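*Asks:* For reference, the structure I am asking about is given below.
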Amino acid sequence: MSDSTRFAGQILGEFVAGSAWADIAAPLRHEAKRSILNHLGCALGVAQDPAVTTALSVMRAFSGLPAATVVGQGARLDPMSAAFVNAIASNLLDYDDTHLRTVIHPAAPLAPALLALAEQRGFSGAAVLHAFLLGGEVECRIGNAVSPGHYARGWHITSTCGAFGAAAGCARLLGLDAERTWHAIGIAASQAAGLVENLPTAAKNIGVGNAARHGMLAALFAEQGYKAAPAAIEGPLGWARATGDACDIGAITEGLGSDWEIGRNTYKPYPAGIVFHAVIDACLELRDSIGVPPEAIARVTVAGDALLLARGDRVVRNERDARVSIHHSAALGFIRGRAGVADFEMPAVTDPALAAFRAKVVALLDESLPRGAATVTVQLADGREARTTVTAPRGSIDRPMSDAALEAKFRDNAAIGGFAARADRQIAAIWGLEAAAEIGSFMALLA
């Protein structure tokens, strides 16, 4: 039977259940470790953030048996509750990984579910890494199949497709056969939700947390024999049509198992939306090349694609606004010459110098630019003009962060969260995860 006559969930179920770790190429295995390193560093960095501690407080009151570690906390919860809190933490600062074509952040809804389930049931580090790659592939390919209409209609694609990835990854950990894995993915279709409108608020993070626990829940129900409709994803009344356009099955099936979408994952040098990285890089470049004080700049024009403008043309009222602001990104480039975690916090939002410079920035649509690119034009008070275009910002596929850069980012985040003394041991344990017979001692390092 050809792929064109089978259902998307069936094809994905066979792929996930039939994959062998021995067949995964070494570079892809290493990429899984890089993703986990980046993911856990981001979670440790916000261990003291009220959004995380509040989520822990809420979930602790309803938690079952404490079997899984909450990263950066002195607490253990049941696996679904731990996955919920850890997913919120890793996604909180917009500092996590990104699959650019879909703008999915693959690790946030996926890794917490796998780590919690593996800690409870005693699965190995290699099993977690394998499940991560498979779950990430499922979420990115389903994202490809519904992009760009799905996101454009207001669905937060990390939350929606993340539920599918967590379901597939947990199904793999549980050793489900192809049919039950298919049902796990179909069950997740009834739980895949999250809204772009909520991105400036903590409700966004609840959606990501739900993706992790709902995906795990879907796999656990499938393990016990629950079933889903065969065309839960692409059917006439299925998830894809309900949340956007018809599903492009080819985007799911073509090259499955050989051309890895999760291998196109990228990591951020700046704690801001991925489409703003080119803006920051361009402004840093112009700051160095024109060599004038900020007061000599009369106007800054930032041009980019529709997603950049849709996400970034907003008034900056709080930290969340700052992380998705064209105007704040440009101001940081020219005023501070950097864009670290502290540069997107409330003291920076209310900094009079940054606020004044934000008022000089204008955003324009340029449909000729690809996603993730930006052109910045500076008009000086004396009439001179300078312009630069960045199509491959730092951290992109064409300019990837090195292992050393990811380690440095991890250490910075660990220090912010209060874990500087443990950072080197944590990094070593992540690089050695493939050899770990179980992950309980590894997770204890993150508590």
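*Asks:* In Å and whole numbers, how far do the C-alpha atoms of the chain stretch along each principal axis, longest first?
*Replies:* Cα spread of the chain along its principal axes, largest to smallest: 72, 50, 40 Å.
*Asks:* So between Ser57 and Gln224, what do we pick up on full extension, going 0.36 nm a residue minus the alpha carbon distance?
*Replies:* 57.1 nm
*Asks:* To continue, here is another question. Report, to the nearest whole %, how much of the accessible area of the chain belongs to carbon and sulfur atoms, 1.4 Å probe, protein only.
*Replies:* 54 percent
*Asks:* Then there's this: Antiparallel as a % of all DSSP beta bridges within the chain, to the nearest 5?
*Replies:* Bridges in the chain are about 75 percent antiparallel.
*Asks:* Residues of segment 19-37 with the amide nitrogen closer than 20 Å to a label point 7 Å from the Cα of Asp412, along Cα-to-Cβ, please.
*Replies:* The answer is 34-37, whose backbone nitrogens lie closer than 20 Å to the label point.
*Asks:* Also, quick follow-up: Measuring from centroid to centroid over Cα atoms, what is the spacing of segment 377-405 and segment 284-318 in Å?
*Replies:* What the calculation gives is 11 Å, centre to centre.
*Asks:* Whole-Å semi-axes of segment 177-326's equivalent ellipsoid, largest first, each the root of 5 times a Cα gyration tensor eigenvalue?
*Replies:* 41, 18, 15
*Asks:* Apply the a/c threshold of 1.5 to the C-alpha gyration tensor of segment 264-346 and tell me whether it is rounded, prolate or oblate.
*Replies:* In terms of gyration-tensor shape, rounded.
*Asks:* Here's something else I'd like to know. Can you spot the lysines whose alpha carbon is less than 28 Å from Lys409's alpha carbon? Ignore those fewer than 8 places along the same chain.
*Replies:* Result set, ordered by chain and number: Lys33, Lys204, Lys268.
*Asks:* Going by a ≥ b ≥ c, the root eigenvalues of the Cα gyration tensor, does segment 281-412 fall in the rounded group (a/c under 1.5), the prolate group (a/b larger than b/c) or the oblate group?
*Replies:* It is rounded, given that a/c, with a ≥ b ≥ c, falls under 1.5.
*Asks:* Here's another thing I want to ask about it. Tell me, what is the percent relative contact order of the chain, built from C-alpha pairs under 8 Å that lie six or more residues apart?
*Replies:* The normalised contact order for the chain reaches 21 percent.
*Asks:* Dividing the convex hull volume of the Cα atoms of segment 162-254 by its residue count, what figure in Å³ per residue is obtained?
*Replies:* 98 Å³
*Asks:* Hydropathy first: keep DSSP H helices in the chain averaging at least 0.0 on Kyte-Doolittle, then drop any whose Cα extent along the axis falls short of 27 Å, and list what survives.
*Replies:* Correct list, ordered by number: 125-146, 203-223.
*Asks:* Can I ask one more? Under Stokes-Einstein, with the Kirkwood radius over Cα pairs standing in for Rh, what whole-number D in µm²/s applies to segment 38-129 at 4 °C and 1.567 mPa s?
*Replies:* The Stokes-Einstein estimate is 98 µm²/s.
*Asks:* Additional query: Counting only helical runs of four or more DSSP H residues, what would the 222 nm mean residue ellipticity of the chain come to if each run contributes -39,500 (n - 2.57) and the total is spread over all its residues?
*Replies:* Working: 21 runs with 230 residues, N = 447.
Mean residue ellipticity, 222 nm, calculated: -15500 deg cm²/dmol.
*Asks:* Can you give the relative contact order of segment 107-252 as a percent, counting alpha carbon pairs under 8 Å and 6+ residues apart?
*Replies:* After rounding, I find 31 percent.
*Asks:* Follow-up question, since we're still on this one. Mind checking which of Val349, Pro370, Gly395 is farthest towards the positive end of segment 258-413's charge dipole, using Cβ charges of +1 (Lys, Arg) and -1 (Asp, Glu) about the Cα centre?
*Replies:* Val349
*Asks:* Still on this model: What ranking of Thr54, Thr253, Thr181 comes out by heavy-atom accessible area, probe 1.4 Å, highest first?
*Replies:* Putting Thr54, Thr253, Thr181 in descending order of accessible area: Thr54, Thr253, Thr181.
*Asks:* Quick one: what do you get for segment 351-447 if you divide its Cα Rg by 2.2 N^0.38 Å?
*Replies:* Scaled against compact globular proteins, the figure is 1.70.
The values are calculated or read from the model by the stated rules, or taken from the named source; none is laboratory data. Values in this document were obtained by computation on a predicted structure and should not be read as measured data. Positions of Cβ are backbone-derived with ideal geometry, glycine not excepted, and every protein chain shown enters the neighbour counts. Side chains included, ligands, DNA and RNA excluded: accessible areas come from the protein's heavy atoms. Shrake-Rupley method; radii C 1.70, N 1.55, O 1.52, S 1.80 Å.
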